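J.: This is the structure I want to talk about, given as structure tokens.
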Amino acid sequence: MKLKIPATRSPRPRRVLGEFTSADLMLAGVDALRRAGYEKLETYAPFDVPGLDERLGLRRSRIGWLVLAGGIIGMILGYGIQWWANVHNYPLNSGGRPVHAVPAFVFPTFEATIIFSGFAAFFGLFAWLRLPRLWAPIDEISGFSRASIDRFWIAVGAISTTEDGDRASAILRDAGALHTVGPADA
């Protein structure tokens, strides 16, 4: 039995991008696109823009839960290793002190909690953002490198028809975009 392999891959959704000079103009562009019914929006800015997450309808990040889980695992492992070494594996009666001395376990347990939380945050964020991503097709757009310096960009995703792309470009230009890059270019 032979497997059927498709001859071509499904095409990538096309995008329209618009470049803005200020955060206020970009926010106006996001509002105009949302009113027009565009849902797949992505923004690029050199700094955090207050109110942008709410306008895009983004949820709060779940990375905090990952850091909490890493901290709990670190705390359990830190305490467990000390308990295993001091109580079970090599109990040592030193001056009549108990082998399971909880106050002696507090500081190493705290350190294990902090180190595992830090590792969970660092590696979890890398995995979540699919980093390191050294190149993306959007990097080839002329002037896009200024998105990390002084320009603001909006990318409208999943443009299916030419008319839809022209409509999105017109909305971006009406909102104050310096120029737009159409679906054929993006």
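The numbers here are math on the coordinates, done by the rules we state, and not lab data. The model shown is predicted, which means the values in this text are computed figures rather than measured ones. As a convention, Cβ positions derive from the backbone with ideal geometry for all residues, glycine included, and neighbour counts pool all protein chains shown.
J.: Take the Cβ-Cβ distance between Arg130 and Arg60 as r, set R0 to 25 Å, and report the resulting FRET efficiency rounded to the nearest 0.05.
T.: Details: r = 20 Å, r/R0 = 0.79.
So the FRET efficiency works out to roughly 0.80.
J.: Viscosity 1.306 mPa s, temperature 10 °C: what is the translational diffusion coefficient of segment 10-70 from Stokes-Einstein with a Kirkwood Rh over Cα pairs, rounded to a whole number of µm²/s? Walk me through the numbers before you get to the answer.
T.: Working: Rh = 13.8 Å.
Diffusion coefficient, whole number: 115 µm²/s.
J.: Right, something else. Percent of alpha carbon pairs in the chain separated by more than 27 Å?
T.: Counting every Cα pair in the chain, those more than 27 Å apart make up 53 percent.
J.: Rounded, prolate or oblate, given the Cα gyration tensor of segment 110-186, with a/c below 1.5 counting as rounded?
T.: Working: a/c = 3.03, a/b = 2.68, b/c = 1.13.
It comes out prolate by the Cα gyration axes.
J.: Still on this structure, please answer the following. Modelled label-to-label distance, Val102 and Ile72, 7 Å Cα→beta-carbon offset: nm?
T.: 2.0
J.: Shifting gears a bit: Across the chain, where is the longest run that never hits chymotrypsin sites (Phe, Trp or Tyr not before Pro) in a DSSP loop with at most 13 other C-beta atoms within 10 Å? Can you show the working numbers first?
T.: Details: sites that count: Phe47, Trp135.
With chymotrypsin sites (Phe, Trp or Tyr not before Pro) excluded where exposed in loops, the chain gives 48-134 as its longest stretch.
J.: Against the longest principal axis of the chain, how steep is helix 162-174, in degrees 0 to 90 to the nearest 10, with axes from Cα atoms?
T.: 80
J.: How many nm separate the modelled label positions at Ser160 and Glu39, each set 7 Å beyond the Cα in the direction of the Cβ?
T.: It works out to 1.2 nm between the two label points.
J.: Output wanted: per-residue J couplings in Hz (rounded whole) for segment 47-58, from phi through Karplus 6.51 cos²θ - 1.76 cosθ + 1.60, θ = phi - 60°, x for Gly and Pro.
T.: In residue order, the calculated couplings are 8, 5, 9, x, x, 5, 4, 5, 5, 7, x, 7 Hz.
J.: Something else now. Only Cα pairs within less than 10 Å get springs; with that Gaussian network setup on the chain, which residue of Leu41, Leu68, Leu92 has the largest fluctuation?
T.: Leu92
J.: Given points 7 Å out from each Cα along the Cα-Cβ axis, report the Val87 to Ser148 separation in nanometres with one decimal.
T.: 5.0
J.: Give the Cα extents of segment 63-128 along the principal axes, in whole Å, largest first.
T.: Projected onto the principal axes, the Cα atoms of segment 63-128 cover 50, 19, 13 Å.
J.: Something else now. From the phi angles alone, apply the Karplus equation (6.51, -1.76, 1.60; θ = phi - 60°) to segment 92-102 and give each ³J(HN,Hα) in whole Hz, x where the residue is Gly or Pro.
T.: Rounded to whole hertz, the list is 10, 7, 10, x, x, 6, x, 6, 9, 9, 4.
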